[in-house]
């Protein structure tokens, strides 16, 4: 499998990608900044949001039980899916029973985790993504590259090319025409689909409310037109009360897009009632674990507080340059670097935690105050414990530890290095170093050791 | 709980031979076991109610007419209109039915609307709403536009899919965010505010509150009395996307225009607490 370093190197060579990613993250950073500055008590809102999430995850079993009971009382079905396979099987069963041929989907990152679309296709069921960005990446056969702007890595020429293939004729590249094309094409699909599959931004335990936060209206289409609705929910999305929902909505849209509220925030309580002309006849809530429970009771439990706003992605100096695909799976940026190794295999994915300068910008903007950069350090430690640190890395630190643990050894080592470095110093900088330090030099400068250390100078000054 | 499960037998899933209850219990027990050593921070508790006066001019006197009990609605209306404008919608205050008729006619003419679809909202039948209903019919007639009431011409979906505009009476509205709120009920069709390219809203003044928190409280009160509506929609301006190079485009799947007409009516709005 490709390493992250290889994916990053590829991304850095793609100038168009770099421009697209920068434009998106830069714009979203500004929007968030403006929205947050307009609020007097932003820190108080963050703290309350943090407390709500911390309390909820610490009592996850209680709130999920309450949620399930309420949703069933409203006439919905609830299924607890421990694994990706369980979730896929359940959805396939529902689809089979209702003879579903076409599915319309609104954004669901959980569905990406479990690779639902591929499984549906294998059973002859066409799933069409209806969020415009998701529609674009689906046409391109790619994964989303950002939590809320899935196609941000594409420019309008690439999008026009994709749409033109569907249209069967070349389309102009202006946003209005392209959007109009998507609206017309997807409108037909909405009206004909047998089943709607949605994600879930929040699920309120006390009331059985399923909450969708969207801007386009596709979430409303998907929960209104088809006769069957399936909602996939990461189990950590539960929220205790409606008032808690309000507190989290307060910080979500501002952190994500800089809005006070998204265009459509939809609260669903079970399927349609008798006498209502539209809405699904049957509603299924699939509560998905898929590795999340691994984080419970560990130092990484706070990662489950995430409300998927993407603020951390937009401020991350790594993400800003390479975008989400470099992370190799569904989730990118700081949150992706934390949860991917934990949801999957840390031995294979632990390297994601290395893609960080630990600047802490992610922690500073997180609306629920997840200490992301601390969790990244924790992951590096966990990785090392699984024997994942490269051998030369461990050798180098071994040498460092021996030098540092004895003052005289340190002095002698230092003097030796001062002599040895001389042929390689030029203009106060090292021009060569042995591996693994040479990797540093590939992209950065390394100042040379001073010809005389402070102690050496002091001793000389004081006359020995 | 077991009774409810049996009642929907044939549609609940069994997992590897276990009943649904046992399967759920195993799932939750696994979580409980992992959380056993975790600290258990308490819930932060209820938020203190906002300092300034919340809610709309509920109760006391004729709706829309300031009285000793009902505070002046003007600041709330102005705030709502301002916030809605920020997100690309438009709100106008119509003091009389004639005012509504002319403003609505002008808006439909400007938007090039040929057909307006209503939903079979029981509130249209309220005596207090009759003058406003007549104003809507008057407006539509003035510009030679067609008014479709569901039942006239087939199911809601087809009517809404072909209409130039959908007209709904707001169930609530939030001044802080410029949000219009709708919920479902008998005769109420979600597609009315979703499929047509223009969404026209009749907002009774009594339905306007200051904050989203207040709106959610009113919703909870209604749910207590009448049960939960299958869907509650918070609509804040037109449909939008920035998915193509971050360029904002309006009217992607939902309506591209949201035009709100605020009228001094109770509209059957819940007073709330």
Query raised in the report: What strands (runs of 3 or more DSSP E) lie completely within the range A:199-308 and have 3 or more residues being crowded, with 24+ Cβ neighbours inside 10 Å and in contact (Cβ under 8 Å) with a residue 40 or more places away in the chain?
Result: A:209-214, A:228-234, A:264-268, A:282-288
Query raised in the report: Considering the range A:24-55 alone, what residues qualify as being more than 11 Å from every other protein chain (Cβ to nearest Cβ) and more than 30 Å from residue B:245 (Cβ to Cβ)?
Result: A:40, A:41, A:43, A:46
Query - Qualifying residues in the range A:147-179 (those that are assigned to a loop (DSSP other than H, G, I, E, B), within 12 Å of another protein chain (Cβ to nearest Cβ) and touching a residue at least 40 places away in the same chain (Cβ under 8 Å)) - the one farthest from residue A:311 (Cα to Cα) - result: A:155
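Mind telling me which of the residues A:176, A:161 ends up being in contact with a strand residue (DSSP E or B) (Cβ under 9 Å, 6 or more places away or on another chain) and surrounded by fewer than 21 Cβ atoms within 10 Å (Cβ to Cβ)? Before the answer, list the steps.
Working: A:161 fails: in contact with a strand residue (DSSP E or B) (Cβ under 9 Å, 6 or more places away or on another chain).
Going through A:176, A:161 in turn, just one is in contact with a strand residue (DSSP E or B) (Cβ under 9 Å, 6 or more places away or on another chain) and surrounded by fewer than 21 Cβ atoms within 10 Å (Cβ to Cβ): A:176.
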Report summary line: The lone condition residue B:128 fails out of (1) assigned to a helix (DSSP H, G or I); (2) at pLDDT below 95; (3) within 12 Å of chain A (Cβ to nearest Cβ) is (3)
Requested in this report: Scan B:142, B:157 and give me the residue that is within 18 Å of residue B:188 (Cα to Cα) and surrounded by 15 or more Cβ atoms within 10 Å (Cβ to Cβ).
Outcome: B:157
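Just to be sure before I move on: is residue B:63 over 26 Å from residue A:263 (Cα atoms), modelled with pLDDT under 90 and touching a helix residue (DSSP H, G or I) at 6+ places or on another chain (Cβ under 6 Å) in the structure I sent?
Values: over 26 Å from residue A:263 (Cα atoms): yes; modelled with pLDDT under 90: yes; touching a helix residue (DSSP H, G or I) at 6+ places or on another chain (Cβ under 6 Å): yes.
For residue B:63, the condition - over 26 Å from residue A:263 (Cα atoms), modelled with pLDDT under 90 and touching a helix residue (DSSP H, G or I) at 6+ places or on another chain (Cβ under 6 Å) - is met.
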Report summary line: residue A:98: passes all of (1) touching a strand residue (DSSP E or B) at 6+ places or on another chain (Cβ under 8 Å); (2) crowded, with 23+ Cβ neighbours inside 10 Å but (2)
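Just the residues that are assigned to a helix (DSSP H, G or I) and surrounded by fewer than 24 Cβ atoms within 10 Å (Cβ to Cβ), please, taken from the range A:354-364. Outline the logic, then answer.
First, pick out the residues of the range A:354-364 that are assigned to a helix (DSSP H, G or I): A:354, A:361-364.
The answer is A:354, A:361, A:363, A:364.
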Report task. Output the number of residues of the range A:260-288 satisfying the condition of being farther than 30 Å from residue B:83 by Cβ, facing chain B (nearest Cβ under 7 Å) and in contact with a strand residue (DSSP E or B) (Cβ under 7 Å, 6 or more places away or on another chain). Result -> 2
Requested in this report: Report whether or not residue A:21 is in a loop (DSSP other than H, G, I, E, B), under 23 Å from residue B:248 (Cβ atoms) and in contact with a helix residue (DSSP H, G or I) (Cβ under 8 Å, 6 or more places away or on another chain).
Outcome: no
Report summary line: Taking the range A:309-329 and keeping only residues that are within 10 Å of the chain's Cα centre (by Cα) and surrounded by fewer than 21 Cβ atoms within 10 Å (Cβ to Cβ), one is left with A:329
Requested in this report: Confirm whether residue A:182 is within 11 Å of chain B (Cβ to nearest Cβ), part of a helix (DSSP H, G or I) and either touching a residue at least 60 places away in the same chain (Cβ under 8 Å) or in contact with a helix residue (DSSP H, G or I) (Cβ under 8 Å, 6 or more places away or on another chain) (or both).
Outcome: yes
Query - Residue match in the range B:208-223 (condition: in contact (Cβ under 8 Å) with a residue 40 or more places away in the chain, assigned to a strand (DSSP E or B), crowded, with 21+ Cβ neighbours inside 10 Å and more than 7 Å from chain A (Cβ to nearest Cβ)) - result: yes
Report summary line: Only one of B:229, B:238 is under 23 Å from residue A:210 (Cβ atoms), within 14 Å of the chain's Cα centre (by Cα) and assigned to a loop (DSSP other than H, G, I, E, B), namely B:229
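Taking the criterion of being part of a loop (DSSP other than H, G, I, E, B) and within 28 Å of residue A:394 (Cβ to Cβ), would at least one residue in the range A:453-464 satisfy it? Spell out the reasoning first.
Residues of the range A:453-464 that are part of a loop (DSSP other than H, G, I, E, B), as a first pass: A:453, A:462-464.
Going one step further and asking which of them are within 28 Å of residue A:394 (Cβ to Cβ), we end up with A:453.
Checked against the condition, which is being part of a loop (DSSP other than H, G, I, E, B) and within 28 Å of residue A:394 (Cβ to Cβ), the range A:453-464 yields at least one hit.
So that you can scan it fast, the table gives a plain yes or no per residue for (1) more than 9 Å from every other protein chain (Cβ to nearest Cβ); (2) touching a helix residue (DSSP H, G or I) at 6+ places or on another chain (Cβ under 8 Å); (3) modelled with pLDDT of 95 or more; (4) buried (at least 23 other Cβ atoms within 10 Å of the Cβ):
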| position | (1), (2), (3), (4) |
| --- | --- |
| A:61 | no, yes, yes, no |
| A:67 | yes, no, yes, yes |
| A:71 | yes, no, yes, yes |
| A:91 | yes, yes, yes, yes |
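How many of the residues making up the range B:142-183 are assigned to a strand (DSSP E or B) and over 23 Å from residue A:263 (Cβ atoms)? Lay out the reasoning, then the answer.
Applying the first criterion (assigned to a strand (DSSP E or B)) to the range B:142-183 yields B:146-148, B:165-169, B:172-174, B:179-183.
Okay, now just the ones that are also over 23 Å from residue A:263 (Cβ atoms), so B:146-148.
Counting residues in the range B:142-183 that are assigned to a strand (DSSP E or B) and over 23 Å from residue A:263 (Cβ atoms) gives 3.
Could you tell me which of the residues A:349, A:400 is loosely packed, with under 13 Cβ neighbours inside 10 Å and assigned to a helix (DSSP H, G or I)?
Working: A:349 fails: loosely packed, with under 13 Cβ neighbours inside 10 Å.
None of the others qualify; the one that does is A:400.
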Report task. Kindly indicate whether any position in the range B:195-206 is within 7 Å of another protein chain (Cβ to nearest Cβ) and surrounded by fewer than 24 Cβ atoms within 10 Å (Cβ to Cβ). Result -> no
Requested in this report: Can you give me the ranges of the helices (runs of 4 or more DSSP H) entirely in the range A:57-114 with at least 3 residues that are more than 23 Å from the chain's Cα centre (by Cα)?
Outcome: A:60-73, A:84-97
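Would you call residue A:434 exposed (fewer than 11 other Cβ atoms within 10 Å of the Cβ) and in contact with a strand residue (DSSP E or B) (Cβ under 9 Å, 6 or more places away or on another chain)? Outline the logic, then answer.
Working: exposed (fewer than 11 other Cβ atoms within 10 Å of the Cβ): yes; in contact with a strand residue (DSSP E or B) (Cβ under 9 Å, 6 or more places away or on another chain): no.
Answer is no for this residue.
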Report summary line: Quick count over the range B:233-258, residues being touching a helix residue (DSSP H, G or I) at 6+ places or on another chain (Cβ under 8 Å), buried (at least 24 other Cβ atoms within 10 Å of the Cβ) and either free of Cβ contacts under 8 Å to residues at least 60 places away in the same chain or more than 7 Å from chain A (Cβ to nearest Cβ) (or both), is 9
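Right, residue B:188: under 30 Å from residue B:214 (Cα atoms) and either at pLDDT 95 or above or in contact with a helix residue (DSSP H, G or I) (Cβ under 7 Å, 6 or more places away or on another chain) (or both) or not? So that I can check it myself, show each step before the final result.
Numbers: under 30 Å from residue B:214 (Cα atoms): yes; either at pLDDT 95 or above or in contact with a helix residue (DSSP H, G or I) (Cβ under 7 Å, 6 or more places away or on another chain) (or both): no.
Against the criterion (under 30 Å from residue B:214 (Cα atoms) and either at pLDDT 95 or above or in contact with a helix residue (DSSP H, G or I) (Cβ under 7 Å, 6 or more places away or on another chain) (or both)), residue B:188 does not qualify.
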Query raised in the report: Considering the range B:91-107 alone, what residues qualify as being assigned to a helix (DSSP H, G or I) and under 21 Å from the mean Cα position of the chain (by Cα)?
Result: B:100, B:104, B:107
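Do the conditions hold for residue A:368, that is, is it in the same structural domain as residue A:50 (by TED's automatic domain parsing) and either assigned to a loop (DSSP other than H, G, I, E, B) or over 14 Å from the mean Cα position of the chain (by Cα) (or both)? If you could, list the steps in order and put the result at the bottom.
Values: in the same structural domain as residue A:50 (by TED's automatic domain parsing): no; either assigned to a loop (DSSP other than H, G, I, E, B) or over 14 Å from the mean Cα position of the chain (by Cα) (or both): yes.
Judged against the criteria, residue A:368 is not a match.
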Query raised in the report: Can you name the condition, by its number, that residue B:41 falls short on among (1) more than 23 Å from the chain's Cα centre (by Cα); (2) more than 9 Å from every other protein chain (Cβ to nearest Cβ); (3) part of a loop (DSSP other than H, G, I, E, B); (4) at pLDDT 50 or above?
Result: (2)
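The values are calculated or read from the model by the stated rules, or taken from the named source; none is laboratory data. All figures in this text were calculated on a predicted structure; none of them were measured in a lab. Because the Cβ atoms are built from the backbone with ideal geometry, glycine has one as well, and the counts that use them run over all protein chains shown.
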